[in-house]
Amino acid sequence: MLSYQHAFHAGNHADILKHLTLFFVLSSLNKKEKPYTYFDTHSASGLYDLLDNRSQKTGEAGQGISRLISSKLMISGSHSLLSDYLSLIDRYYSKNFYPGSPEIARVLSRRQDFLVLSELHPQEIENLRRNMLKTPFCQAACSQIQIHARNGFEMLKALTPPKTKRGAVLIDPSYEEISDYIDCAKTISAVNKKWTNGIIMLWYPLLAHRESEINQMLDDIQASARSVNPNIEICDLRLQVAAKDSHKEMSLKEYEESEKNPPRLYGSGMLVLNAPWHLEEEVNSCLEAISSCLSSTSQ
């Protein structure tokens, strides 16, 4: 949806789950020298200023990544994955920025890898193009980057399977349109059938009023994937930071004007097809600590 701007929500609990999972997946791909291709269907601007008015209005980063960064010495000691993720994020956070998924992929990828990014919002794609040219946070040789002003679902179906064979996809639409739930299921099913070894990551919101749509989407994706490969490794990771009945559906304007800022999401999930070895075990171990840290911020 072209009205959606992720700057209002950068660094919130949903980003933490999404980017921790992405960090694990790309780190896993990096264990082999062979190149891979990373697709990002809804890239947004890729880098966010946490002092921006939009971030300050919602305060979601303060209840998310700020809380986690301030607690990292206490919670990350026994979680090497969480510690490594926070070390990367802290490079940006110390300068009042938060990296989106394209920036995290750019930093983690190697010279031989390919990044294919898609964004439709006219301002966001201009920001993305500028941000992908910046180098202060990226010391290593960067991968080859393509940026498409194109519907992310269409881009993914058209460009998969990639020439590299190895690779991963992150799909995270705004879900402000009911059609997003249907488009996610149809796109993932189509892509998985022709790129059977591609790692497909789908972020989804936990919304009380959309529970039936969410469950139908997840059921359809998993049924289709298992029809292609009955033994496919599928992980469904969830980070819940508030009770389901604490969620109240409201517009962003209502949220900004609310004194208590009730959660617009009570959590979120990541469905991963062809999940790398130990993904579920490692991420869930971190999520226990993260949930304990973040859930006390819910109002």
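The numbers here are math on the coordinates, done by the rules we state, and not lab data. Quick caveat: nothing in here was measured; it's all calculated off a predicted structure. Cβ placement follows ideal geometry from the backbone for every residue including glycine, while neighbour counts extend to all protein chains displayed.
Once fully extended, how much extra length lies between D245 and K186, figured as 0.36 nm per residue of separation less the alpha-carbon to alpha-carbon distance?
Value of the extension gain: 18.2 nm.
For the ranges 222-235, 95-108, what's the packing order if you count other beta-carbon atoms within 10 Å of each residue, average per peptide, and put the highest first?
95-108, 222-235
Are any of the pairs K95/K244; K18/K244; K18/K157; K165/K186; K163/K186 more than 27 Å apart by Cα-Cα distance, and if so, which?
From K95/K244; K18/K244; K18/K157; K165/K186; K163/K186, over 27 Å: K95/K244.
Once you wrap a convex hull around the alpha carbon atoms of segment 6-297, what is its projected area averaged over all directions, in nm²? Mind dumping the intermediate values first?
Values: hull surface 56.0 nm².
Its average projected convex-hull area is 14.0 nm².
Just the ratio, please: alpha-carbon radius of gyration of segment 76-205 over 2.2 N^0.38 Å, N its number of residues.
1.13
Looking at segment 6-297, send over the antiparallel percent of its DSSP beta bridges, to the nearest 5.
Roughly 50 percent of the DSSP beta bridges within segment 6-297 come out antiparallel.
For a quick check: with amide H placed at 1.01 Å from N, whose amide H comes under 5 Å from Q146's, ignoring anything fewer than 5 positions away on the same chain?
It is L115, V116, L117, by chain and number.
Please compute the modelled spin-label separation between K157 and N231, points set 7 Å along Cα→Cβ, answer in nm with one decimal.
3.1
Under the 0.36 nm per residue contour assumption, what length would be gained going from the current alpha-carbon distance of E288 and N96 to full extension?
66.5 nm
Points 7 angstrom from Cα along the Cβ direction at T164 and D52: gap in nanometres?
If labels sit at T164 and D52, their model points lie 2.6 nm apart.
Which of the aspartates and glutamates could be linked to K31 by a straight reach, that is with a Cα gap under 20 Å, when you skip same-chain ones fewer than 8 residues away?
D84, E103, D113, E233, E280, E281, E282
Please report the net charge: other residues with Cβ closer than 13 Å to the Cβ of K165, K and R +1, D and E -1.
+4
Be a star and scan segment 186-214 for residues whose amide nitrogen sits under 16 Å from the point 7 Å along the Cα-to-Cβ vector of Q146.
Label zone hits: 195.
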